[in-house]
Amino acid sequence: MKDFKDKVAVVTGAGSGIGRSLAVELAARGAHLALSDVDDEGLRETVRRCAPLGVRVRGYRLDVADRVAVLAHAAQVGADFGRADLVVNNAGVTLLASVADMAWEDLEWVMNVDFWGVVHGTRAFLPMLTAARGHLVNVSSMLGLAGAPMQSGYNAAKFAVRGFTEALAQELRADRVPVGVSCVHPGRIRTNIMRNARNDGLRDYRTVREQFDRTVTVTPEHAARVILRGVARNRQRILVGADAYRLDVLTRLLGPAYPRVTAGRGR
Ligand SMILES: NC(=O)c1ccc[n+]([C@@H]2O[C@H](COP(=O)([O-])OP(=O)(O)OC[C@H]3O[C@@H](n4cnc5c(N)ncnc54)[C@H](O)[C@@H]3O)[C@@H](O)[C@H]2O)c1
């Protein structure tokens, strides 16, 4: 997909952060938008920002963890727009908790949204993407490249997104299905993700959150531009931010010894 003009783009989790910035950037490049989120207010604000850019924009309330709802959403987008050229499975949440202390419900929550949400979106839209010779983007994380303490649930979901997406890309290539596939691994991006995190009573959660807000400098607007450049170049792996590149190199160079350098650092 060399450019986005008059393409139909589907973005989940579009009510905030990277999803909102992707929506605005895509609208600026002439793409029509099917945007969704569980956060009605955030979604309305994103639609409000995109509408003046002269493209068709619709907002849909959607919980990506709800399989039936995601399948119905794909059918609705088909009815409303007639096609889907680009699908970005972006909606995500995070959990800060040790394996010993985390609540079962919170682990299920992060897996349901971050992993199953991606699986639902992928399967629901694959037929339309195939018909349009389109492109699929699944958002993992740099924590889909390496484990980190207090992030086991998030790690599990984001590693799973990576495995699922890399396997799918190979299947599509083998079957000559004309759909591009990218897995995105952002480093730390200045969004609301930490503010919306579940933390299972983590003692220093407030400090972690404040430090995130204070020190993270990469903007979601930058992330959106990097992601779209990766899509235009049909990159299977898209890294965003110097920290993601560093972690990628570290895991390649050190193999299983990477925690000697990374343990206890950052999120
Ligand atoms: N911000 C970072 O540092 C960072 C780093 C790596 C990966 N990511 C990934 O980027 C993606 C976007 O996150 P962000 O940083 O923009 O966070 P964000 O919190 O700003 O935005 C996430 C959006 O997803 C929505 N959402 C949450 N649960 C949902 C559900 N069940 N169904 C539909 N929508 C839901 C939220 O309402 C929110 O609007 C996520 O997949 C996240 O894991 C973020």
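The values are calculated or read from the model by the stated rules, or taken from the named source; none is laboratory data. Computed from a prediction, not measured in an experiment: that's the story for all the values here. A quick note on method: Cβ atoms are made from the backbone with ideal geometry, for glycine too, and the neighbour counts reach across all protein chains shown. To get the accessible areas, we keep the full protein, side chains included, count just its heavy atoms, and leave off ligands, DNA and RNA. Shrake-Rupley method; radii C 1.70, N 1.55, O 1.52, S 1.80 Å.
Only protein atoms count toward the accessible area here, which uses a 1.4 Å probe; on the range 8-262, the carbon and sulfur part of that area reaches 51 percent. Relative to its Kirkwood radius, the Cα radius of gyration of the range 1-112 gives an Rg/Rh of 1.04.
With an a/c value of 1.5 or above and a/b larger than b/c for the gyration tensor axes a ≥ b ≥ c computed over the alpha-carbon atoms, the range 105-206 is described as prolate.
In summary, the aspartates and glutamates within cross-link reach of LYS5, defined as a Cα separation below 15 angstrom excluding same-chain residues under 8 places away, comprise GLU25, ASP85. Does the range 136-189 come out rounded, prolate or oblate by the C-alpha gyration tensor, with a ≥ b ≥ c the root eigenvalues, rounded set by a/c under 1.5 and, if not, prolate when a/b is larger than b/c and oblate if not? Here the range 136-189 falls in the prolate category.
I'd like the accessible area for PHE81: 1.4 Å probe, protein heavy atoms, all chains in place, Å² to the nearest 10. Accessible surface of PHE81 is approximately 30 Å². Per-peptide packing, taken as the mean over residues of other Cβ atoms within 10 Å, places 99-105, 82-88 in the sequence 82-88, 99-105 from highest down.
Under the criterion of Cα pairs below 8 Å and six or more residues apart, the relative contact order for the chain equals 20 percent. An oblate overall shape is assigned to the range 178-267, the ratio a/c of its alpha-carbon gyration tensor axes (a ≥ b ≥ c) being 1.5 or greater and a/b not exceeding b/c. Scanning residues 5 or more positions from VAL181 or on other chains, those with amide H under 5 Å from its amide H are LEU136, with H placed 1.01 Å from N in the peptide plane.
For the chain, the 222 nm mean residue ellipticity estimated from helices alone, with every DSSP H stretch of n ≥ 4 adding -39500 (n - 2.57) and the total spread over all residues, rounds to -14500 deg cm²/dmol.
The residues of the chain present an accessible area of 47 Å² per residue when probed at 1.4 Å with all protein chains retained. Computed over all pairs of different Cα atoms, the Kirkwood value for the hydrodynamic radius of the chain is 18.5 Å.
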